1. List pairs: first residue in the range 310-333 and among the basic types (K, R), second residue surrounded by 14 or more Cβ atoms within 10 Å (Cβ to Cβ) and part of a helix (DSSP H, G or I) anywhere in the structure, Cβ distance under 8 angstrom, at least six positions apart or on different chains.
2. If you check L231 against the conditions, is it buried (at least 18 other Cβ atoms within 10 Å of the Cβ) and under 22 Å from E282 (Cβ atoms)?
3. For the range 79-91, name all the residues that are assigned to a helix (DSSP H, G or I) and of a type in the set (A, V, I, L, M, F, W, C).
4. Considering only the range 86-130, state which residues are farther than 27 Å from D245 by Cβ, modelled with pLDDT under 95 and among the aliphatic types (A, V, I, L, M).
5. Going by the structure shown, is A94 free of Cβ contacts under 8 Å to residues at least 12 places away in the same chain and not in a helix (DSSP H, G or I)?
6. List pairs: first in the range 348-360 and crowded, with 19+ Cβ neighbours inside 10 Å, second basic (K, R), Cβ under 9 Å, 6+ apart or cross-chain?
7. Just to confirm my filter: which strands (runs of 3 or more DSSP E) fall fully inside the range 101-193 and include at least 3 residues that are in contact (Cβ under 8 Å) with a residue 60 or more places away in the chain and closer than 25 Å to R356 by Cβ?
8. Going by the conditions given, is G201 in a helix (DSSP H, G or I), touching a residue at least 12 places away in the same chain (Cβ under 8 Å) and of a type outside the set (A, V, I, L, M)?
Amino acid sequence: MAARRQDGRRRKGVAGAFPAAQSGPIAAAGSFAMRRMPRRALTLASLALALPAQAAGYPEAPVTLVAPFAAGGAADLAARTLARFAPRHLPNPAAAMLVENRPGASGALGTQFVARAAPDGQTLLLARVSAAAILPALDPRTPYAWDGFSMLGLLDENPFVVCVRTDAPWADFAALLTALREQPGRLSFATSGPATLLDLGVRHIFATAGLPLDAGVAKPYRGGGEAVAALAAGEVEFLGNNLSDTLRAIRAGTLRALVVGLRRERHVALPQVPNAREVEFEALAEITGWSALYAPAGLAPAVQQAWVAALSALRGDAGWMAATRALGSYPRLLAPEETRDYVRAQVALYRDLGRRLGLI
């Protein structure tokens, strides 16, 4: 109950780096099965009939969509894809949606900006797992509660992938783990800050493999796109990241993927790359990126309903579906209450993972 009360109140301060974790082997993490949420039956016809008159001309001015990480990363790419296709399904189909990047503090700065914005539907958030679930789960200094938003819907999920440069000496995932075990603290990896998917995913690998949490040296960058560029430039030796951040560099032959965090199949975009089960490291599938659309708490019901209808319409929008898959993501459109349940489960998962990793 105490944890629930802590989640429910708005916290003050700015998220920062976590204290250094103690070195030493940590027991292998048990597998989680990601609970599949049932879909609410929404139809465009019923939503159109129920849409209040107040939202008939929404939006009358361009909507700002905040991406809380730097340009070129997974958040930015998902935001620009949404901004390209979603407005045509709003009551005002000529509406404009402008992406604004506000990186910093592991995504907390942009997320906090939207949390404090007016709930008028003119400022929205492309919520990402790092700032929307991992930070609230692990750091009590996070300046917003995980559920302190009007959640409009989940958009997509994106698997985690481990990469090296194509000229790296490690031919496969097992070889990289051997190098980390034999040369602790010598190899570096790129992150987008403490408590982000890039950082937590790699440390989860260390812990599951029985390595100390400082088996590799973390080098922070402003976002997943910059982290990929750092690996390509040879500034770091390896990287764990969202597939959408890395897919272009992999296809270009700049980076080589060692494993994709899926259990049952290989990713259609990378059929040559083994999945987590094939490399006998199924715990990697626990880590996955996702995008959702949030608004400040207290959003007018008419505006929320307009966005619920617009996101539901994306199910039949072949352009958005294809563009999302082209990023390496899996479209997964959930209604607001299903999204809240999904994020609640994610917060619980990362809080438990943080405890097992010694981060909280």
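1. Once the first residue is among the basic types (K, R) and sits in the range 310-333, its partners that are surrounded by 14 or more Cβ atoms within 10 Å (Cβ to Cβ) and part of a helix (DSSP H, G or I) give R315/M321.
2. Details: buried (at least 18 other Cβ atoms within 10 Å of the Cβ): yes; under 22 Å from E282 (Cβ atoms): no.
No: the conditions fail for L231.
3. Across the range 79-91, the qualifying residues are A79, L82, A83, F85, A86.
4. Result: A94, A95.
5. Answer is yes for this residue.
6. Here the result reads L357/R203; L359/R203, each pair linking the range 348-360 to a residue that is basic (K, R).
7. Result: 149-165.
8. Yes.
The values are calculated or read from the model by the stated rules, or taken from the named source; none is laboratory data. Remember, predicted model here, so these are calculated numbers, not experimental data. Note that we place each Cβ from the backbone using ideal geometry, even for glycine, and neighbour counts take in every protein chain shown.
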